[in-house]
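The values are calculated or read from the model by the stated rules, or taken from the named source; none is laboratory data. What you see is a predicted model, and the numbers here were worked out from it, not measured in a lab. With ideal geometry, Cβ positions are generated from the backbone for all residues, glycine too; neighbour counts draw on all protein chains shown.
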Amino acid sequence: MTKKQMTDKINDEIDDILQQMKAPVFPDREFNVTQYGADPQGKELSTKAIQTAIDDAHRLKGGRVHIPSGTFLTGALELKSNVELHVHEDAYVKFSQEPAHYLPLVLTRYEGIELYNYSPLIYAHHAENMAITGAGTLDGSGDEHHWWPWKYGTNGQPSQERDRELLFDMAEKRIPVKERIFGEGHYLRSSFIQPYECRNVLIEGVTVKDSPMWQIHPVLSENVIIRQVNVIGHGPNTDGVNPESCRNVLIEECYFDNGDDCIAIKSGRNEDGRRIGVPSENIVIRKNEMRDGHGGVTIGSEISGGVRYVYAEDNLMDSPNLDRALRIKTNSVRGGTIEHIYFKNNTIKSLKHEVVCIDMMYEEGDAGPHRPVVRHIEIEGLRSKGGRYGVKIEAYAHSPVTHFKMKDCVIDDVTYPLSLKHAVSPFFQKVIVNGEEMNQ
């Protein structure tokens, strides 16, 4: 297949994905939250007023719930079918730092495992045709004294570690999900925005910042558009966008500056991921700007359900605090198949560690019976500067990376051009690293 034929094929595949996606449309009906008693001074909790507006819009077959200019304090919100939550450009929605304001418990996922826990800050379950739009700010209020200390048990607060180990053990033993009850008295942080088992979702224009944990986290959802969103937060595990076991996802023209991965594609962890068995697939990532983060485009490590058909193109990455541009992380405890990953025409102006990294030694390494499969990884038109490694692959002899291709790439100013451990016949064509053409 010629270069043009391959390009046309990939473009056709992207077009097929986008044509399957349906952006939500809403009736021309507005519900202003201040008319429901929401306090624009941010002194009184407005949860009930905002939620009642959402419920009314849903009950009346849809419309726009408008958050006007002002500062609004709220607890957990549940978005529902046919409702657009519109945040005015001068609106600042600050979420409460009180865990009790995120009750009752809801079905959610924590690091790829199902449980009942505190609600995400904005949650939806079995909803369709829903949106969060506008140019305003959604502030998750995570900081050094609220939510984030649960990661390590700092500032005199409890650590998540005991609950995390308990949840992982429950999942391995296949304890029914309805018995995995956390929340009060436990310390597992919630995501910010989480559509769970939803369809036709739009998140556009808003700034999302300082989540307790993962910021935009669609789960088991289909037809998700995330466009022109600023996702900012430097707390522990404050990933930007994490589609998990999702199908048909578009992430475009967003700005990321995060304390963890900018985008991390996932599909469940270990036994729970295999039990659910739903991959993430048909994901288009284009024209985004990425600053700080552990990875620009990351696949894993909660990857047991597999990932396939990811198209990342025309993205800009630029930060000395960005660890990696393209990162795949798994191991033989996770398992899963990662395949058909296309990384095209991406520009990396600066970064810290690896430009391209495939790592099967992540965390537990080769300590389980679930052989990970990584294949059909294609990188084209890459331009990068800086970092330790141009390409670093660390796989297993019993499960090497196959069909790895790079062409028309220029990688400058790396300490080590290539480190390839257990990659079968990697293909390099017109790949220039530190001024020298690679021949593998």
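Structural remarks
- Within the option set Asp261, Asp239, being in the same structural domain as Ser280 (by TED's automatic domain parsing), surrounded by 24 or more Cβ atoms within 10 Å (Cβ to Cβ) and part of a loop (DSSP other than H, G, I, E, B) holds for one residue only, Asp261.
- From Asn200, Asn155, residue being more than 19 Å from Tyr102 (Cα to Cα), at pLDDT 95 or above, outside the structural domain of Pro279 (by TED's automatic domain parsing) and of a type in the set (S, T, N, Q): Asn200
- Here the strands (runs of 3 or more DSSP E) wholly within region 277-324 that include at least 1 residues being of a type in the set (Ser, Thr, Tyr) are 280-286, 297-299, 307-313.
- Screening the candidates Gly381, Gly435 for the property of being in the same structural domain as Thr330 (by TED's automatic domain parsing), within 27 Å of Glu289 (Cα to Cα) and in contact with a strand residue (DSSP E or B) (Cβ under 7 Å, 6 or more places away or on another chain) yields one hit, Gly381.
- Count of residues meeting criterion [polar (S, T, N, Q), surrounded by 19 or more Cβ atoms within 10 Å (Cβ to Cβ) and over 20 Å from Trp214 (Cβ atoms)] in region 132-171: 1
- One residue from Thr415, Thr402 being in the same structural domain as Leu316 (by TED's automatic domain parsing) and under 22 Å from Ile265 (Cα atoms): Thr402
- Filtering region 97-108 for residues that are within 18 Å of the chain's Cα centre (by Cα), surrounded by fewer than 24 Cβ atoms within 10 Å (Cβ to Cβ) and part of a strand (DSSP E or B) leaves a non-empty set.
- Within region 269-302, the residues that satisfy the criterion of being touching a strand residue (DSSP E or B) at 6+ places or on another chain (Cβ under 7 Å) and on the phi > 0 side of the Ramachandran plot are Asn282, Lys287, Gly293, Gly300.
- Some residue of region 206-214 being in the same structural domain as Gly63 (by TED's automatic domain parsing), buried (at least 23 other Cβ atoms within 10 Å of the Cβ), among the charged types (D, E, K, R) and outside any strand (DSSP E or B): yes
- In this entry, Leu77 passes the filter for residues that are surrounded by 14 or more Cβ atoms within 10 Å (Cβ to Cβ) and touching a residue at least 12 places away in the same chain (Cβ under 8 Å).
- Looking only at residues of region 277-308 that are over 13 Å from the mean Cα position of the chain (by Cα) and surrounded by fewer than 22 Cβ atoms within 10 Å (Cβ to Cβ), we find that the one that is farthest from His234 (Cα to Cα) is Gly277.
- Top-ranked residue of region 13-33 - restricted to ones that are among the β-branched types (Val, Ile, Thr) and surrounded by 17 or more Cβ atoms within 10 Å (Cβ to Cβ), ranked as nearest to Glu281 (Cα to Cα): Ile17
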